[in-house]
1. Assuming R0 = 41 Å, what is the FRET efficiency of Arg116 and Tyr282, from their Cβ-Cβ distance, to the nearest 0.05?
2. Can you pull out the trypsin sites (Lys or Arg not before Pro) in the stretch 1-109 that DSSP calls coil and that have at most 15 other Cβ atoms within 10 Å?
3. Leaving ligands, DNA and RNA out of it, report the carbon-plus-sulfur percent of the accessible area of the stretch 5-273 at a 1.4 Å probe.
4. What longest region of the chain stays clear of chymotrypsin sites (Phe, Trp or Tyr not before Pro) that DSSP places outside H, G, I, E and B and that have at most 11 other Cβ atoms within 10 Å?
5. Of the options Gly10, Ala149, Gly134, report the single residue whose Cα projects farthest towards the positive end of the charge dipole of the stretch 5-273 (beta-carbon charges: Lys, Arg +1; Asp, Glu -1).
6. Residue separation times 0.36 nm, minus the C-alpha to C-alpha distance between Leu270 and Leu169: what's the value?
7. Return one number: the angle in degrees, 0 to 90 and rounded to the nearest 10, between the long axis of the Cα atoms of helix 202-215 and the longest principal axis of the Cα atoms of the chain.
8. Using a Gaussian network model of the chain with C-alpha springs under 10 Å, which one of Ala26, Ala88, Ala193 is most mobile by mean-square fluctuation?
Amino acid sequence: MSSLVWLVTGCSPGGFGEYFVQSILARGDKVIATARSVEKIKHFEQAGAAILQLDITDTQQSIKDTVARAIEIYGQIDVLVNNAAYIAIGTWEDLEPEDFQAQFDTNVFGTLRITRALLPHFRTRRAGTNVFIGSLSGWIGHPGCGAYAGSKHALEGMVESLYHETSHLGIQTLLIEPGRFRTLLLSSQNMRAAPTKVAENAEFNKARLDGLATENQRQPGDPGKLSEIVVDLVRREGVAKGREVPFRLPLGIDCFNDVQAKCEETLKLLEDWKDVIRGTDYS
Ligand SMILES: NC(=O)c1ccc[n+]([C@@H]2O[C@H](COP(=O)([O-])OP(=O)(O)OC[C@H]3O[C@@H](n4cnc5c(N)ncnc54)[C@H](OP(=O)(O)O)[C@@H]3O)[C@@H](O)[C@H]2O)c1
């Protein structure tokens, strides 16, 4: 495959974004690394990347302008990696509706804005790949994680529709669903945890936050392995060589086990309640 030009969102050090930039450059491709603060990604310029400031919560027009500037850098973009997101932690009552909205504004609507800004470029060229970083939380709503799980579930449905809407235009869509990987997602600077407002939740919230603090930087998943797999899938090489690349791919042992259990549970539910589920048509 000839050299590709990638645009990656959320490339601050320590997260998947940084690993994507490294894997892309190592394959000889070009990358436009973006971040809310370009100061954090200046070092990528020495490594051969182009850098741009991009906050995915900016207005649609401002993001369109940034994408137009990005296209000018190498004359085209072949791959968009929708990586930027954060996790809000808190129960339904402890998080305010505004916290849910902010979570969706970044993880869902931010992703929507940047993808919509690039779609005309891909459509006109009848080529391009949209990569989305979903989550195991797009399969399962863990307690205290409703806003994040909601945003990742929303992404699942929206991205599946996009896949069906754009395949015939020569546009590829790839939805990656990581389990627990060692990035800064659960760090105190990136995770947004709501204080407990409801006394009955206090014990649960403390246990949840203690658990996440213990998990932070002990997650089993290696982000470098994930970024290599994603580059393989897009470039149809390495693990993807000679295989049909799926639209959706969970990654991580935890994700494999939990998704398998959810599928089995769902199949059992369909079987156990088959008569009721199938009994709703007009007689
Ligand atoms: N790590 C995991 O276990 C895991 C599991 C499933 C899914 N994921 C997903 O993987 C993706 C990357 O997360 P990560 O694990 O690498 O976490 P991370 O280390 O916290 O990185 C998240 C990145 O998103 C950026 N970001 C947040 N809000 C942004 C905005 N409004 N505009 C632009 N950039 C923004 C952050 O930039 P700043 O430095 O500016 O804050 C940071 O670079 C996310 O979609 C996440 O949901 C991660």
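The values are calculated or read from the model by the stated rules, or taken from the named source; none is laboratory data. Here the structure is a predicted model, which is why all the values come from computation and not from measurement. Please note: Cβ atoms are built from the backbone with ideal geometry, for glycine as well, and neighbour counts cover all protein chains shown. In case anyone asks, the SASA skips ligands and DNA or RNA and just uses the protein heavy atoms, side chains included. Shrake-Rupley method; radii C 1.70, N 1.55, O 1.52, S 1.80 Å.
1. That pair, Arg116 with Tyr282, gives E of 0.55.
2. Lys42
3. Ligands and nucleic acids excluded, carbon and sulfur reach 54 percent.
4. Between exposed loop sites, the widest span is 1-272.
5. My answer, from the dipole projection, is Gly10.
6. 32.8 nm
7. Approximately 40 degrees, to the nearest ten.
8. Greatest mean-square fluctuation among the candidates belongs to Ala26.
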